[in-house]
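Take a look at the structure below.
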Amino acid sequence: MSLIPYALTRPFLFGMDAETAHKLTMDMLARGQRTPLQWAWCNETVDDPVELAGLTFPNRVGMAAGLDKNARCIDALGAMGFGFVEVGTVTPKAQPGNPKPRMFRLPEARALINRLGFNNEGLDAFLHNVQQAQFRTQSRKHPLLLGLNIGKNATTPIENSTSDYLTCLEGVYAHADYVTVNISSPNTQNLRALQSDAALDALLGAIAERRETLATQYGRRVPVFVKIAPDLDEAQVSVIAATLQRHGMDGVIATNTTISRTAVQGLRHAGETGGLSGAPVLEASNQVIRQLRAALGSRFPIIGVGGIMSAEDAVSKVRAGADVVQIYTGLIYEGPALVVKAAKAVKAIG
């Protein structure tokens, strides 16, 4: 277990603005990984293997994309006990993201709002960092899995977005255990329009075609997942489910952040533009998961994410229909101990 209780660290971090604390934490993890400093946050890895999309997940709790956008801290995050780690979102070219301030805590609601806007150092730097990670050299019965999350540059017109996704897919393919196509961030203008019927059909058709070419080239078929928003009605979810199946996608990640503010009205920062994550998203995300499971049947892989702040929340995702789950905001509020607690609770329900 970690040597430094997160309860001692959190007041220090929460005394800073959210993005400064995030940068400090990621810098510390990047410097400390693969050194004795890693004992400050390392945890046991719960053994709860599950087969999904042709992969063996060591356990059913993963790190969601967005925390480590530049893939600097893969080994550090893996040491927290995650069964899988997803990094990104990466875009073909480096971009600064939206103007600061752009990340806000709502502690009364155990929530965050961010409008970072796919700030990242670009595909070349991302791939360099991925190749520095050593998790694949570790001797483990079930190795940590790595998901690479791809998106479009803000300056790329939405009608040309497929080109950006294909560029990223080609770049990350050889290094990923699975690839996630992010079409659901609310912080890149018009991005969520890609969830509409015709746009999604065209994008996934192009991705499926390029994936087959890459599978032949590399001699392995890397699973492709699609990450969707919680702000969808049942009819929209049904269309997305049918499109995923039509184009042979391997799974869906439900969900990204929400643009709804119903659960946080009146709180400081509630009016800030961006995606809301944390406790208020739990039920909206679970509802989309239920609808997806009903539309997709029992065997289509679903990764559940959104609002997991406790072990019980992780269990609720699985009971809603998710095969495995991911954490982000819960890690910020509860610390690395949440990873093990969630993994043990999910394992206990079978």
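Bear in mind that the values in this text are calculations on the coordinates, not laboratory data. Given the structure is predicted, the values throughout are model-derived calculations rather than measurements. Using ideal geometry, Cβ is built from the backbone for each residue, glycine included, and neighbour counts are taken over all protein chains shown.
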Legend entry - Protection proxy ranking, peptides 328-338, 302-312, average beta carbon neighbours within 10 Å, highest first: 302-312, 328-338
Inset, instruction - Mind checking the full-extension length gain between Ala7 and Ala294? Use 0.36 nm per residue of separation minus the Cα-Cα distance, one decimal, nm. - result: 99.3 nm
Legend entry - Cβ-based charge dipole, the chain, positive-most Cα from Leu169, Gly297, Leu29: Leu29
Inset, instruction - Per residue of segment 138-144, in order, report the coupling 6.51 cos²θ - 1.76 cosθ + 1.60 (Karplus, θ = phi - 60°) as ³J(HN,Hα) in whole Hz, putting x for Gly and Pro. - result: 6, 8, 9, 4, 10, x, 3
Inset, instruction - Among DSSP beta bridges lying fully in the chain, give the percent that are antiparallel, nearest 5. - result: 30 percent
Legend entry - Residues with amide H under 5 Å from that of Leu52, placed H, sequence gap 5 or more: Phe57
Inset, instruction - Give Lys152/Lys317; Lys23/Lys347; Lys141/Lys341; Lys23/Lys344; Lys100/Lys341; Lys93/Lys341 a once-over and call out the pairs whose C-alpha atoms are over 26 Å from each other. - result: Lys152/Lys317; Lys23/Lys347; Lys23/Lys344; Lys100/Lys341; Lys93/Lys341
Legend entry - Inter-centroid distance (Cα atoms) of segment 202-280 relative to segment 282-326, Å: 13 Å
Inset, instruction - For n ≥ 4 DSSP H runs only, could you compute -39500 (n - 2.57) per run for the chain, divide by its residues and tell me the 222 nm figure to the nearest 500? - result: -11500 deg cm²/dmol
Inset, instruction - Within 10 Å, count the other beta carbons around each residue, average over each peptide in 229-238, 171-180, and list them highest first. - result: 171-180, 229-238
Legend entry - Most fluctuating residue given options Pro280, Pro157, Pro58, as computed from a GNM of the chain linking Cα atoms under 10 Å: Pro157
Legend entry - [x] 19.9; [y] 21.6; [z] 20.6, with the label sought being that of the calculated Kirkwood radius over Cα pairs in Å: [x]
Inset, instruction - Report relative contact order for segment 6-348 in percent, whole number only (criteria: Cα-Cα under 8 Å, sequence separation at least 6). - result: 18 percent
Legend entry - By average C-beta atoms within 10 angstrom, highest first, the peptides 199-206, 143-150, 291-298, 15-22: 143-150, 199-206, 291-298, 15-22
Inset, instruction - Considering the options Leu145, Ala206, Val264, tell which one lies farthest towards the positive end of the dipole of the chain, charges being +1 on Lys and Arg and -1 on Asp and Glu at the Cβ, about the Cα centre. - result: Leu145
Legend entry - Most fluctuating residue given options Glu272, Glu209, Glu121, as computed from a GNM of the chain linking Cα atoms under 10 Å: Glu209
Legend entry - Choice from Ser316, Ser196, Ser285 showing the highest fluctuation, given a GNM over the chain with Cα pairs closer than 10 Å: Ser196
Legend entry - Lys, Arg +1 and Asp, Glu -1 on Cβ, resulting dipole of segment 6-348 about Cα centre, debye, nearest 20: 500 debye
